[in-house]
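What follows draws every value from the coordinates through simple rules; no lab data is involved. Note that the structure is a prediction, hence the values are computed from the model and not measured. Note that we place each Cβ from the backbone using ideal geometry, even for glycine, and neighbour counts take in every protein chain shown.
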Amino acid sequence: NSADLNKVINFAQEHYAKPNEQMFGVAKGKNVIVIHLESFQQFLINYKLNDQEVTPFLNSLYNSKQTYSFANFFNQVGQGKTSDAENMLETSTYGLPQGSLFSTLGSENTFQAAPAILNQEAGYTSAVFHGNVGSFWNRNDVYKNMGYQYFFDASYYDTSAERLSEYGLKDKYLFHDSVKYLEQLQQPFYTKFITVTNHFPYTLDSADADFPAANTGEASVDNYFVTAHYLDQAIETFFNYLKKSGLYDNSVIILYGDHYGISDSRNLKLASLLGKSASTWSDFDNTQMQRVPFMIHIPGQENGGVQTQYGGEIDVLPTLLHLLGINSSAYLQFGTDLFSKEHDQTVAFRNGSFITPKYTVVSGTIYDNQTGAVVTHPSKVVSDYLAEQKQKVRTELSLSDTLNTKNLLRFYVPAHFTPVDPSLYDYKKQFE
Ligand code: GP9
Ligand code: MN
């Protein structure tokens, strides 16, 4: 165990990217509001279906100078889907090669996750708002191990039938009904809102549907635009509340898409809506479709805008810690600060495929990102570089798996960190 742990420590130390001085602490002391955009892919941003913007509000955030918006940010989830995204964002370790880390290891493992780190380093209160039952993805247990002080699950909301979509409370109700709890949280707070309405198969009551569906003939593709538009409206209303309440000015709002909404096989139906042909659609295209939004909205900032560096979900925690002015170097993290000059732009996918700013490598095939063409005879420089990246990706994934499957964090206590005591938290009766 200690040899394994040392390998992880060495990797993390060598891989560590020091903060960009211009960005370190720019959001220090602010509330953090993380909005999980269920199944939301990057292609929706600024996309027009029949001349109509699908997500006008999210577009306005994306295009704002008050937002650091990432154009080349990828989801890296495996079979644990939403739970893998949550795990990567809040621990900067990968999900597992099979199954969900939350479900299989989440009740037992030691975590050094965002809520505990922010509480201990900067006095943050933490809470999750999610309109599904708390046992889904084993969240009840995992959140305690992460140090979440509050978890408002379905039992805290009026879940009468007309207010529900397939995975819980519809997003507009989630935001609306959470305010009464949000307002009682001690500031600064670190909160996460997990939306559900934009989830496969993208069904929505006609009363809530305010956008014309596409007509590819594949219902789940066609209705994806309808539920994405609903989510966009829900977020706009929530932002209006934040502004009116005054919370907005003291907060940084982070929005991210957790994973794809349209599967590889259904991409063939989507292709024509993206101006592409199904007959030439390839694994290269499927990989490009793994882009999801990642936006850091900092009210009052004027230096934001679209960022083109490559990165993914694994990079969020070190990025956030540095924005809040917290040193991340003592923690065992696999991602690197997206703003750092030393940021690692190779994005690992859970199956070992990866993408770099210039190349996409899927099950051994190399594609040129500019053209999408297969690179059959890479130069020696390129093939050496990609061989090195491939090796790093493998090492990184396997060290993360060792760390998690052997629960090695129980043997590693970073300076200024006290291990989380999950028995301190009881999510049954909060603010009642
Ligand atoms: C439900 C949810 C959905 O609670 O977060 O998870 P997913 O099916 O996307 O993994
Ligand atoms: Mn999901």
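Numbers at a glance
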item: Hz values of 3J(HN,Hα) by residue in region 361-367 - Karplus curve (6.51, -1.76, 1.60), Gly and Pro given as x; result: 10, 10, 5, x, 8, 9, 10
item: DSSP-loop chymotrypsin sites (Phe, Trp or Tyr not before Pro) across region 363-432, with at most 13 other Cβ within 10 angstrom; result: Phe431
item: Gap separating the Cα centres of region 310-324 and region 133-202, nearest whole Å; result: 23
item: Region 40-91, Rg to Rh (Cα coordinates; Rh as Kirkwood inverse mean 1/r); result: 1.06
item: Convex hull (Cα only) mean projected area of region 361-432, reported in nm² to one decimal; result: 10.5
item: Qualifying GluC sites (Glu not before Pro) for region 137-231 [loop in DSSP, other Cβ within 10 Å: at most 14]; result: Glu166, Glu183
item: Förster radius 41 Å - calculated FRET efficiency between Glu236 and Ala3 (Cβ-Cβ, nearest 0.05); result: 0.20
item: The chain, relative contact order in percent, only Cα pairs under 8 angstrom and at least six apart counted; result: 30
item: Relative contact order of region 246-311, defined on C-alpha pairs under 8 angstrom at six or more residues apart (%); result: 51
item: Student exercise, the chain dipole from Lys, Arg, Asp, Glu Cβ charges, in Debye to nearest 20; result: 580
item: Long-range Cα-Cα pairs in region 192-272 (distance over 22 Å), rounded percent; result: 36
item: Kirkwood Rh in Å, taken over the chain so that all alpha-carbon pairs contribute; result: 22.0
item: Burial order of peptide ranges 112-125, 265-278 (average beta-carbon count within 10 Å, highest first); result: 112-125, 265-278
item: Interchain or long-range residues, amide H under 5 Å from Ser165's placed H; result: Lys170
item: Alpha-carbon radius of gyration plus Dmax, which is the widest Cα pair, for region 123-231 in Å; result: 15.6, 52
item: Percent RCO, i.e. relative contact order, over region 319-368, from Cα pairs under 8 Å lying at least 6 residues apart; result: 19
item: Cα-derived Rg over Rh, computed across region 1-157 with Rh taken as Kirkwood radius; result: 0.99
item: Fully extended contour minus Cα-Cα distance, from Thr203 to Lys65, at 0.36 nm per residue; result: 46.3 nm
item: Translational diffusion of region 254-390, µm² s⁻¹ [Kirkwood Rh, Cα pairs; Stokes-Einstein; 20 °C; 1.002 mPa s]; result: 127
item: Residue of Ser178, Ser263, Ser206 that the Gaussian network model of the chain assigns the largest fluctuation, springs spanning Cα pairs under 10 Å; result: Ser206
item: Residue order, fewest to most surrounding Cβ atoms within 10 angstrom, among Val316, Val413; result: Val413, Val316
item: Where Rh is the Kirkwood radius over Cα pairs, Rg/Rh for region 88-174; result: 1.01
